[in-house]
Amino acid sequence: MTDRPTRRALMKPLQLLGLALLAAVFAGVVTLVSMGFFQGRTPDQSGRALVFAAVVAGITFIVALVGLALMLLAVDPAEVQKTVDRPVLIEKDERRAAQKPGKQSGDGPDAPAAGTR
């Protein structure tokens, strides 16, 4: 067996569900507070606030779950433990230009001609 993590080990379904549930509970509580559920309201208004908060929490749960799952699909399990030994914010072309002292970044084949704009 190799020491590389598998996609299943990265996703950990219980953690994904927990994060989505936490986001849904937060959205539901914020909705209840913003609709005045904890203030002295009529039972009809409190019932509407509960239903609306449940709908908001459900939508938030689904969106958070799908969003987290899609972001985890973009991660390659083989590259999780790989160490990065290069600047990550510098493009490859800029690094090549920096290594060649005689060539400037605007001198390449994509650079516009001197008289044209």
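The values are calculated or read from the model by the stated rules, or taken from the named source; none is laboratory data. What you see is a predicted model; the values in this text were computed from it and never measured. Note that we place each Cβ from the backbone using ideal geometry, even for glycine, and neighbour counts take in every protein chain shown.
Tell me which residues, restricted to segment 66-117, are part of a helix (DSSP H, G or I), small (Gly, Ala, Ser) and either within 30 Å of residue 14 (Cα to Cα) or at pLDDT 70 or above (or both). Working first, answer last.
First pass over segment 66-117, keeping only residues part of a helix (DSSP H, G or I): 66-73, 77-79, 92-99, 105-107.
Those left that are additionally small (Gly, Ala, Ser): 67, 69, 78, 97-98, 105-106.
Passing the criteria: 67, 69, 78.
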Practice item. Would you mind stating whether residue 44 is acidic (Asp, Glu), part of a helix (DSSP H, G or I), at pLDDT below 80 and out of contact with any Cys (no Cβ under 9 Å at 6 or more places or on another chain)? Key: no
Of the residues in segment 27-65, those that are under 24 Å from residue 16 (Cα atoms) and crowded, with 17+ Cβ neighbours inside 10 Å come to 27, 28, 31, 53, 56, 57, 60, 61, 64, 65
